[in-house]
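Peer 1: Supplied in C-alpha cells, the structure appears directly below.
Each value in this text was obtained by applying a stated rule to the coordinates, not by laboratory testing. If you're wondering where the values come from, they're calculated on a predicted model, not measured in any experiment. Note: ideal-geometry Cβ built from the backbone for every residue, glycine included; neighbour counts use all protein chains shown.
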Amino acid sequence: MNKTCPAALLIFMLLLAPIPAVQAQTPQQTLTQYVADLQKSPNDYALREKIIRHVQAMKPVPAVPEEARKYVNRGMAAAEGAKTESDYKDAIAEFQKAVNIAPWVGAGYRGLAVMQDKAGQYTQALQNLKLFVLTNPPAADADAAKTLMDKIEYRQEKAAKESSPAAIAAQEQKKFDELLKKMDGRRYKAPPVGPYRYVVDVQGKMLVFGRLFQNDPEPYRFPNCSYIAIQGRVSKCSYHDNEWGFIEYTQTISEDGNRITRHIRYRGKVDEIIYMWP
C-alpha cells in the first residue's frame, strides 16, 4: 500500500489553492503617495507635472484641501503690499506652502511665479508658469501666463548679460571714470615734513607728484616717477637708481577718491605717504 508523504501532500494542496489577487491602488491612494513623495523632494518638477496630469484624469477631481486654500489667500495678501525683495520672499513662502500641500492648484503656481519674477528668480518663475499652464486654466489666463513667460525670458537674458564678467568690468570702468572726473584738478597734500610738503595733482588721467618748499608757488618735480598714468585704482612706476638701487612706487586711490596712498619700496624697506583732499 502506497503511503503519501504528509509534507508532499501539503505542498500539493498549497499549489492548488487560489492565489489572492493583488489589490490595485485607487487614484486617491496614488495621489496621496505622490504628494508624500513630493514632500521629500519639493523641487522635483517632473513629479509635480505627474501629479497635475494624474489629478486631471481623476473623476471626480479631488477637492483642494482647506489648508492649501488658506496659504494661497495668505500669499495673495502678502503680494498685495509687496514692494521690497523681502516682501516678495514672504509671498513666495506662502504660495510655496500651498503648492506643496496641493501640487495641482493652479492659483498657487501663478502667484508663486509672479512673485519669483519680481524677486529676480527667473528660472523658478518660468518653471512654475509652465506648471500653471499645465493645470488647464481658462484660455485668457493661459495666454496671460504665456505672455509673462516671454517677458521673464527677456529679463532673464538681460540679467545674464549684465552679470557677465565683461559687463561687470564695463560697469566698474564707468564708475571709475566718473570718479576720475570728480578728482580732476584736485591737489592732494601729505602732512608737512619740516619745511617741505609733498603734493600730488590730478591732471586728467595723470597723477603728478611734487614737493613744495615753504611758500614756493609751484612744486618741484622729481626726475623719476613724478608723472604716473592712472591705470586703475592701483598704478605702479619703477626705476633703477645708481645709489639706491631698484625703487618701486605704488599709488592706490581710495574708493571715495579722497585719499591717494603712495608706497615706496627700496632696499627691502617700504615707506608710505598719504595724500588727502581737501
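Peer 1: Give or take rounding to whole Å, what are the principal axis extents of the alpha carbon atoms in region 153-210, in descending order?
Peer 2: Taking max minus min along each principal axis of the Cα atoms, region 153-210 gives 66, 18, 13 Å.
Peer 1: Just to confirm the number: angle between the C-alpha axis of helix 165-183 and the first principal axis of the chain, 0 to 90 degrees, nearest 10?
Peer 2: 30 degrees
Peer 1: How compact is region 27-162 by the rule of thumb for globular proteins, expressed as Cα Rg over 2.2 N^0.38 Å?
Peer 2: 1.04
Peer 1: Given a cut-off of under 8 Å on Cα pairs at least six residues apart, what relative contact order in percent is computed for the chain?
Peer 2: Relative CO of the chain lands at 9 percent.
Peer 1: With springs only between Cα atoms under 10 Å apart, run a GNM on the chain and tell me which of 238, 41, 86 wobbles the most.
Peer 2: Result: 238 has the largest fluctuation of those listed.
Peer 1: Report D for the chain in µm² per second (integer): Stokes-Einstein, Kirkwood Rh on Cα pairs, 10 °C, 1.306 mPa s.
Peer 2: The estimated diffusion coefficient comes to 61 µm²/s.
Peer 1: On a 0 to 90 degree scale, rounded to 10, what angle separates helix 85-101 from the longest Cα axis of the chain?
Peer 2: The answer is roughly 20 degrees.
Peer 1: Rounded to whole Å and sorted largest first, what semi-axes of the equivalent ellipsoid does the C-alpha gyration tensor of region 182-276 yield via the square root of 5 times each eigenvalue?
Peer 2: Semi-axes from the Cα gyration tensor: 20, 17, 12 Å.
Peer 1: When N counts the residues of region 125-253, how does its alpha-carbon radius of gyration compare numerically with 2.2 N^0.38 Å, as a ratio?
Peer 2: Cα Rg divided by the expected 2.2 N^0.38 Å: 2.01.
Peer 1: Any idea what the dipole of region 27-162 comes to, in debye rounded to 20, about its Cα centre with Lys/Arg Cβ at +1 and Asp/Glu Cβ at -1?
Peer 2: Dipole size: approximately 180 debye.
Peer 1: Please get the size of the charge dipole for the chain, origin at its Cα centre, with Cβ charges of +1 on Lys and Arg and -1 on Asp and Glu, quoted in debye to the nearest 20.
Peer 2: Magnitude of the dipole: close to 200 debye.
Peer 1: Same structure again: Of 184, 216, 117, which has the largest mean-square fluctuation in a 10 Å C-alpha GNM of the chain?
Peer 2: 216
Peer 1: Quick one: plug the Kirkwood hydrodynamic radius of region 221-278 (C-alpha pairs) into Stokes-Einstein at 10 °C, 1.306 mPa s, and report D in µm²/s.
Peer 2: Answer, rounded: 130 µm²/s.
Peer 1: Using 0.36 nm per residue of separation minus the Cα-Cα distance, give me the extension gain between residue 175 and residue 218 in nm, one decimal.
Peer 2: Once the chain is fully extended between residue 175 and residue 218, it gains 12.3 nm.
Peer 1: Set Lys and Arg Cβ to +1 and Asp and Glu Cβ to -1, take the dipole of region 45-177 about its Cα centre, and tell me which of 56, 109, 171 lies farthest positive.
Peer 2: 56
Peer 1: Once every Cα of region 57-131 carries one equal point scatterer and solvent is ignored, give the base-10 log of I(q)/I(0) from the Debye formula at q = 0.15, 0.25 Å⁻¹, two decimals.
Peer 2: -0.45, -1.06
Peer 1: Among 118/146; 50/161; 182/205, which pairs are too far apart, with a Cα-Cα distance over 23 Å?
Peer 2: Beyond 23 Å between Cα atoms: 50/161.
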